[in-house]
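Step one of this worksheet: look at the structure below.
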Amino acid sequence: MGKLISTTLTRALLGLLIIVALGPILWTVLGAFKELRDIVTPVPKLIFEPTLDNFATILRNPTIRDGLLHSVIVVSASVLVGAVLGIPAAHTLARHARRWGDDVQFFVLSLRFMPPVAIAIPFIVIYLDLGIYDTLFGLILVYLITTISTVIWLAVPAFERVPHDIEEAAAMEGCGPAEVFWRFSLPLAAPSLFGALVFTFVLVWNELLLALTLAAQNATLPVVAASITSLGKEVPWGVINAATVLLVLPPLVFIGLLMGLLNTMVRSGPK
Amino acid sequence: MAHIHCTDIVKSYGAHPVISGLNLDIPNHEFVVFLGPSGCGKSTMLRMIAGLEEVSGGRIEIGGTDVTDLPPGERGVAMVFQSYALYPHMSVADNITFGLRRQGVSKAEIAPRLKQVAEVLGLEQFLDRRPKNLSGGQQQRVAMARAMIKTPKVFLFDEPLSNLDAKLREKLRTEIRRMHLKLKTTTIFVTHDQLEAMTIADRIVLMRDGMIEQMGTPDEIFERPASRFVADFIGTPAMNFVTATLEAGLIARSGSIKLQLSEAEFPSLNPGQEVELGLRPARMDLCAPGSANALTGEVVLVENMGAEGQVITEVDGAEISFVTQGFRDLSIGDTVHFTIRPEHIHVFDPKTGRSLRKD
């Protein structure tokens, strides 16, 4: 009996937490499919006629469309370059840097300690001087600090988990260091590395402050989405909701993938 | 032609020397075991021969070629690791043939060789599986197949059986020995298990603190240990040690113990000299009271080992054990007499620990 009560209480608490966590998201998603008059009713409507007008509006709006395009370009370029530069660096740190390895790793991590606002103002001046203010290239450049350091920070433990013996066995078969990395370390660490890349993607996809300060016309989606909220009294709630859905969709999909990956990793245990 | 020649090998990590000035010659076709307690440098030595570890000084030659500065893949050696080190993202067949495929050997040539090694090691039905779906013993066979298929000049085994259970270890040990008798490839095998070393080796290199303590056939190591350390390390149950004083006529006395030593083996001993006697439990047995070289003690414990038993006795307050088939008639508290032949008594210098046997 006591067990039944405690299970019921646990379930109730869990349900409450889920409602608290998912409620706003659900409301936003519902709002994205509502017409404005369905949104601004005093009594919330759960049954309504869904419309795709809001999505049509934002996809027809050149500012939002450009913002989406810029986000995709900036984020994929910075994550890609971050991976290409960060993953080999992480392998080197995990395997070959005996003396300075820890210091370098701490330095890389320390890049993440720094609040972006601390560098935002100086960067405006530097970027204006260099002529890369308000360019996608400039944004990619500053995001690389985040992506490279995050990729390194997450990939070092992934490579450390690759058994040393396997790399040595490959070396015994005549593989040079580059071949060992490419044919053994990389495939074996791939699942963890994928997680690291997804995490990095979400991090820069959601980035607002640097994009807000270093770009004007060529802003990314978070900046555009934020600007819609300051349109005055005639707030187009439906459009805002649709823009938000569009914004959170890629991270949500990736987080879903990440969770699935984490679960399979936990289930199969360390190899 | 693959004899191994190591000259003045030095290895140090920072200021900490692990191996200092080691010289070693391994003739072609020989099965050599590096034996020693953990931290004695035996694995380091193997890894330096493999090329996985750089030497701090000295030269290594394999088959007449100086390989000291060559990468592992160009030394013509193959290694089997303690952890098997199979490639988890490849099938068993791909694991075995990886090295050959990498060298660009044609498929037509690889197939029969794969079939042959798989047959020798009984892996035919596992070739399509992934390593993680195999048992430890099967995985180690795959690792051996991977080493064999390259027909290397030298096989290196780094404690390959340590992760297996006792029965499987014995079985694979025999298989490795058989394989060597057939292939005759020069082999170095590292282990800390003295029984494994004794059963498998042509020659044992017994190491301690980065130095070779003794090098010789299993018989030499067992019957003529060069030092107290070797005598203590080899043989189960472990050797008994008794400090004694020599008397005229090459008699060693310690309390009630009075033992005649062999004149032929120890001609240089003098009366009055302090020595340490080494008595192998397996070389002693029950005897009638008053027999020559008899020891008398009180039974403290009897350990049944099946065909024979180890009897631990107390002689003058110190424990001395011996092995006998007649252990079943003994019980705790009994007074027993047991004896050892003079030629089976080892004598060591108590200060240096070196054997006082004539060379």
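Could you give me the radius of gyration and the Dmax of the range B:1-152, taking only the C-alpha atoms into account and expressing both in angstrom?
17.3, 52
For the pair A:L17 and B:S331, how long in nm is the line joining their label points, each one 7 Å along Cα→Cβ?
Here the modelled spin labels are 6.6 nm apart.
Any chance you could check the Cα centroid distance between the range B:157-234 and the range B:11-80 for me, in angstrom?
17
Explain nothing, just the number: relative contact order of the range B:105-222, from Cα pairs under 8 Å at least 6 residues apart, as a whole percent.
After rounding, I find 17 percent.
Quick check on the range B:240-348: what does the Kirkwood estimate of hydrodynamic radius come out to from the alpha carbon pairs, in Å?
14.1
Starting from the Cα-Cα distance between A:A190 and A:R98, subtract it from 0.36 nm times their residue separation and give me the gain in nm to one decimal.
Once the chain is fully extended between A:A190 and A:R98, it gains 30.8 nm.
Determine the shielding of peptide A:172-183 by partner chains: average, over its residues, the number of Cβ atoms on other chains within 10 angstrom of each Cβ.
5
Using only the alpha-carbon atoms, how far is helix A:2-32 inclined from the longest principal axis of chain A? Give it as 0 to 90 degrees, nearest 10.
70
Quick query: amide H of B:G36 versus all other amide H atoms, modeled in the peptide plane; which residues come in under 5 Å with a sequence gap of 5 or more or a different chain?
Answer set, sorted by chain and number: B:T191, B:M207.
Only Cα pairs under 8 Å and at least 6 apart count here; give the relative contact order of chain B as a rounded whole percent.
15
When only Cα pairs under 8 Å and 6 or more residues apart are kept, what is the percent relative contact order across the range B:57-161?
Relative contact order comes out at 44 percent.
In the range A:6-57, which trypsin sites (Lys or Arg not before Pro) fall in coil by DSSP and have 16 or fewer other Cβ atoms within 10 Å?
Hits after loop and neighbour filter: A:K45.
May I ask for the longest run of chain A untouched by chymotrypsin sites (Phe, Trp or Tyr not before Pro) that are loop-located per DSSP and have at most 16 neighbouring C-beta atoms (other than their own) within 10 Å?
In chain A, the maximal stretch lacking such sites is A:101-271.
Please report how far the C-alpha centroid of the range A:73-110 lies from that of the range B:108-129, rounded to the nearest whole angstrom.
The two parts, judged by their Cα centres, are 41 Å apart.
Could you give log10 I(q)/I(0) at q = 0.05, 0.08, 0.09, 0.12 Å⁻¹ for the protein assembly as shown, computed by the Debye formula over C-alpha point scatterers of equal weight, without solvent?
With one equal scatterer per Cα and no solvent, log10 I(q)/I(0) is -0.43, -0.82, -0.92, -1.21.
Relative to the longest principal axis of chain A, what angle (0 to 90°, nearest 10) does the C-alpha long axis of helix A:186-205 take?
That helix lies at roughly 40 degrees to the long axis.
According to the Kirkwood expression over distinct Cα-Cα pairs, how big is the hydrodynamic radius of the range A:53-268, in Å?
Result for the range A:53-268 stands at 19.2 Å.
Percent antiparallel among DSSP beta bridges with both residues in the protein assembly as shown, to the nearest 5?
Percent antiparallel among DSSP bridges in the protein assembly as shown is about 75.
Can you flag which of B:K153/B:K184; B:K42/B:K132; B:K115/B:K171 are past 20 Å Cα-Cα?
As for pairs spanning more than 20 Å Cα to Cα, those are B:K42/B:K132; B:K115/B:K171.
Calculate how many DSSP beta bridges within chain B are antiparallel, expressed in % of all such bridges and rounded to the nearest 5.
75
Please identify, among A:I121, A:I18, A:I145, the residue showing maximal mean-square fluctuation in a Gaussian network model of chain A using a 10 angstrom Cα cutoff.
A:I18
Quick note: the coordinates plus some simple rules give every number you see, no bench work behind them. This one's a predicted model, so the numbers in the text were calculated from it and none came from an experiment. Glycine gets a Cβ as well: all are built from the backbone with ideal geometry, and neighbour counts include every protein chain shown.
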